[in-house]
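Here the structure is laid out as structure tokens; the discussion comes afterwards.
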């Protein structure tokens, strides 16, 4: 239904995203996207590049008079650091430095082939795969800078999901050994409050005391020339039951969501609901019992005239909102574990791919902790997958057509 591609290198001219399948007549603006791009760039523990880049998107196709056309949407994010890397990242055949009017020692050094792979990066595996003897050809594309393009795609999908009252939110629940105990039993209004508190924290943790402990963990890593990872949680609220499918492996919603989160740079583990903890519990402690509210019972004070849907519900949400590869109507709860940033100020040992001699990995400008930023990227990839299965089920060429189909489904649920 939906598909997207990203292109561009970390120090190239720009990053580009193309997303196809967005229905026509969706209100969209560059402001919607820039807000999420800005959220991705902040966070305690970020490195020096965040003081250089101020990501802003330019929509170059698929939009007219503030509405989508139904055609592919192209988004471009310029790299401000490009001016310092033009000679190194030029697309034309490289000209010897002597042919330039003046010599630039910094650029000549940057032009030298990178032959020293950094542990924990794509450097060595990529050079072996593609047959390069210059690691820059790998590290430029494998860089987490690429996630800015995915955040742009996710922002478009969030704008689509907003039309149906579906919210994708995230927060950090762990940095290093510091943990926030998470509860899956919150209602939608509680989740929005948690999200607002997380947005007010520079580590994106909704608890002030835990946030302070997380900052101290980052400070300790910085002092030791080290880095630190963590865990973030992504929740989808307001989602109807029945998205995804049990009939084929590649249509299972939890499989697609897990794959999307694992595709983010530095993510090493994903959980749905209680996740790995379920393996250590008895079945009676894991599976969510099913209850039912009639229309009258579901109406709260001040909501007597609301068209409340009679619904099956759970009092706990250990399943994380997904059963049998399909959404069950409860909030979807996902967690992703991010490894520490592999570029360290206390360098690790490696081997030069040209000389085969040992060395200590080079120290480059890097983050100490990027978990808060990764949580925003997590929102983006989850929003894409949710929008995709939503369009698959309620498909149409325009927003109005999808809304008609969705209203019909809600009416069916009311009568069930």
Pairs returned, first residue in segment 330-357 that is free of Cβ contacts under 8 Å to residues at least 12 places away in the same chain, second residue that is surrounded by fewer than 16 Cβ atoms within 10 Å (Cβ to Cβ), beta-carbon separation under 8 angstrom, 6 or more apart or interchain, are 357/351
Could you list, in sequence order, all residues of segment 167-188 that are at pLDDT below 95 and surrounded by 19 or more Cβ atoms within 10 Å (Cβ to Cβ)?
180, 184
Could you run through segment 227-256 and say how many residues are closer than 28 Å to residue 340 by Cβ, out of contact with any helix residue (DSSP H, G or I) (no Cβ under 9 Å at 6 or more places or on another chain) and not in a helix (DSSP H, G or I)?
0
Among the residues in segment 302-309, are any surrounded by 15 or more Cβ atoms within 10 Å (Cβ to Cβ), at pLDDT below 95, over 28 Å from the mean Cα position of the chain (by Cα) and within 20 Å of residue 406 (Cα to Cα)?
yes
Any idea how many residues of segment 270-282 are in contact (Cβ under 8 Å) with a residue 12 or more places away in the chain, surrounded by fewer than 19 Cβ atoms within 10 Å (Cβ to Cβ) and either farther than 30 Å from residue 3 by Cβ or touching a helix residue (DSSP H, G or I) at 6+ places or on another chain (Cβ under 8 Å) (or both)?
1
Hey, does segment 384-396 have a residue that's in contact (Cβ under 8 Å) with a residue 40 or more places away in the chain and not in a helix (DSSP H, G or I)?
yes
Report whether or not residue 127 is farther than 15 Å from residue 266 by Cα, part of a helix (DSSP H, G or I), touching a residue at least 60 places away in the same chain (Cβ under 8 Å) and touching a helix residue (DSSP H, G or I) at 6+ places or on another chain (Cβ under 7 Å).
yes
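Rundown of residues vs (1) part of a strand (DSSP E or B); (2) within 16 Å of residue 121 (Cα to Cα); (3) over 28 Å from the mean Cα position of the chain (by Cα), yes/no style:
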site: 334; (1), (2), (3): yes, no, no
site: 342; (1), (2), (3): no, yes, no
site: 345; (1), (2), (3): no, yes, no
site: 350; (1), (2), (3): yes, yes, yes
site: 354; (1), (2), (3): no, no, yes
If you scan segment 373-400, which residues turn out to be at pLDDT 95 or above, farther than 21 Å from residue 254 by Cβ and in contact with a helix residue (DSSP H, G or I) (Cβ under 9 Å, 6 or more places away or on another chain)?
373, 376, 399
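The values are calculated or read from the model by the stated rules, or taken from the named source; none is laboratory data. Keep in mind the model is a prediction, meaning the values are calculated, not measured. Reconstructed Cβ throughout: ideal geometry from the backbone, glycine too, with neighbour counts over all protein chains shown.
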